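Novice: Take a look at this one; I'll ask things after.
The values are calculated or read from the model by the stated rules, or taken from the named source; none is laboratory data. The structure presented is a predicted model; accordingly, all values stated were derived computationally and were not measured. Here the Cβ positions follow ideal geometry from the backbone for every residue, glycine too, while neighbour counts run over all protein chains shown. In case anyone asks, the SASA skips ligands and DNA or RNA and just uses the protein heavy atoms, side chains included. Shrake-Rupley method; radii C 1.70, N 1.55, O 1.52, S 1.80 Å.
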Amino acid sequence: MFRFDPTFLKLQKLIKINGRSWSIQRRRIYHPCTYSGCGTGNKVAAPPQQFNSLPALNENASYINQATSYLGSYFSHSSVEYGGKDSCNSLSHPHELLRSTSGGDGDSPVSVCVSPGARCSTSSESPTSAANSPSAESTETPSQASNAIVTSNWLGLSGTSMFQGLIDRALRTVRGSADDIGWLQHDPEMPPAEDGTDRFNKILEDIGHGVHRLPNTVLYLLVPGLFSNHGPLYFVDTKTKFSKMGLACHIAKIHSESSVEKNAREIKEYIEELCWGSNKKVLLLGHSKGGIDAAAALSLYWPDLKDKVAGLVLAQSPYGGSPIATDILREGQLGGYVNMRKIMEIMIFKVIKGDIQALEDLTYERRKQFLKNHPLPQELATVSFLTEASISPAALATFSHVAQAELPLTKLPVVMPLGAAMAACAQLLQVRYGEKSDGLVTCCDAEVPGSVVVRPKRKLDHAWMVYSSLNEAPLEADAAQVCEALLTLLVQVQEEKQRQLD
């Protein structure tokens, strides 16, 4: 609590922030009472690093965090009054004494004693003014003094709480998803993954020479990802080429902006409809959130689907979670001051007619909870495909063919700078977290535990799998060939699993 009297004005002039008060040095703050004979000062070590990717910002955040801790400890529950200098010597915590020398006006020294719950005093007036102080205090009633103390205490606590809350939000915003990225690899309960990159490259090379091994005794179901309803060409090229090879290929007609559990139920019904009367199993390939939806369908309804599904490919899917979705929706950030969640709800619900839960289901918290309760079946053959986007200047000028406008005499391609956007996002994730990504999903979060993992050296962004690029390399495999190679690898993994079970 604070009791203000006329000495407060002099106190403002006399207290100086110099080497005898606060000394903030590199990685350490020294207690002010190291000086002025207040006892032995305690050196407080810097808190843990907040932002590993940017050392300069991490260092500044550490300084702010330490300074905030001291301010909170001194002003949150403190009692400051003014009186004689000797009363400071009777404190139960003498090390909490702040002292400063007088200013240049020749006034006497000033001492400010701060002690939680204790009475403390200072002497900052001449003997004459000190002699007049009893008469000044006698005019103040107890109720007036109590009101002044309560009011000043409320102002102090309110200001400190607001400052501390602002710092907490800033640190939480700066820290972001640094503690969550790659949690799947650090969980000891998760099964290890197997590297299948060499096998994939061999299959892709054979496909380039015209050797196709996908069987026509199964059905192929492609599950699109988030916002696919607004991309008319999503997976269309892959389905067309599969059909030319005589393969029964389908694109799941789901509302990708719905929640994971809702889409899982629709995929389950879609699989049952495909298998009804055909007596064929289904191989699934899900891209982005489509892989999450397909995996959820198999986890939730495996007893009904185990005789109908032969395997699953998760291509660039945020199986462990997405740092972008998590950073957007995390509570207690600086973005909370502008209600970022409400803005996203308006964009998803009003503009694209989706559900905010579709984005929530991709956060780390939701993914951890879901995988704990509904893991993938161990007997299911699984392949995961993860890529790294190029962040070169040339990638920032990449356009993707997302649709086509049909005119009376011709068709014009509709292009968008999706490749450029993916390159910019990949660079942001690289700078902020030090993690490689395809622009939306980090490589470590796309690696499914217990699966055969494909990690190609070729730089591919998140949109490349479903939308062709205008500057595609003629000698490189296209998205349809990559999907064919992934499904061919899945067939091999499924056969190996079946032999192990038999």
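Novice: Rounded to two decimals, what ratio of Rg to Rh does the range 211-279 give with C-alpha atoms and a Kirkwood Rh?
Specialist: Details: Rg = 13.2 Å, Rh = 13.2 Å.
Across the range 211-279, the Cα-based Rg/Rh ratio is 1.00.
Novice: Work out how much length Glu496 to Arg213 would gain on full extension: take 0.36 nm times their residue separation and subtract the Cα-Cα distance, in nm to one decimal.
Specialist: Values: separation 283, 0.36 × 283 = 101.88 nm, distance 1.60 nm.
Result: 100.3 nm gained on full extension.
Novice: Of all alpha-carbon pairs in the range 173-307, indicate the percentage at a distance above 27 angstrom.
Specialist: On the way: 3081 of 9045 pairs.
Roughly 34 percent, once rounded to a whole number.
Novice: Taking all protein chains as present, what is the carbon and sulfur share of the accessible area of the range 209-293, in % to the nearest whole number, probe 1.4 Å?
Specialist: Details: 1950 of 3830 Å².
Carbon and sulfur together cover 51 percent of it.
Novice: Separate question: Anything over 21 Å Cα to Cα? Flag those among Lys239/Lys457; Lys289/Lys368; Lys368/Lys459; Lys244/Lys289, in the order listed. It would help to have the intermediate numbers written out before the result.
Specialist: Numbers: Lys239/Lys457 25 Å; Lys289/Lys368 16 Å; Lys368/Lys459 29 Å; Lys244/Lys289 27 Å.
Listed pairs above 21 Å: Lys239/Lys457; Lys368/Lys459; Lys244/Lys289.
Novice: If you add up the charges near Asp327, with Lys and Arg at +1 and Asp and Glu at -1, over every other residue whose beta carbon is less than 11 angstrom from its beta carbon, what do you get? Present the calculation step by step, with values, prior to reporting the outcome.
Specialist: Details: positive: Arg172, Arg175, Arg330, Arg432; negative: Asp180.
Combined, the nearby Lys, Arg, Asp and Glu give +3.
Novice: Oh, and also: With each pseudo-label sitting 7 Å past Cα toward Cβ, what's the Gln357-Arg455 distance in nm, one decimal?
Specialist: It is 3.6 nm.
Novice: Can you list the residues, at least 5 places off or on another chain, whose amide H is less than 5 Å from the amide H of His250, using H built in the peptide plane?
Specialist: Tyr220, Leu221, Leu222
Novice: Over what distance in Å are the Cα centres of the range 474-494 and the range 219-277 separated?
Specialist: If you average the Cα positions of each part, the centres end up 17 Å apart.
Novice: Measuring from label point to label point, each 7 Å out along Cα→Cβ, what is the Lys306 to Arg172 span in nm?
Specialist: With each label placed 7 Å out from Cα toward Cβ, I get 4.3 nm.
Novice: Net charge within 10 Å of Ser437 by Cβ-Cβ distance, Lys/Arg positive one each and Asp/Glu negative one each, not counting Ser437 itself? Please list the in-between numbers first.
Specialist: Numbers: positive: Lys436; negative: Glu388, Glu435, Asp438, Asp445, Asp461.
Around Ser437, the charge tally is -4.
Novice: I'd like the distance separating the alpha-carbon centroids of the range 181-198 and the range 442-465, in whole Å.
Specialist: 12
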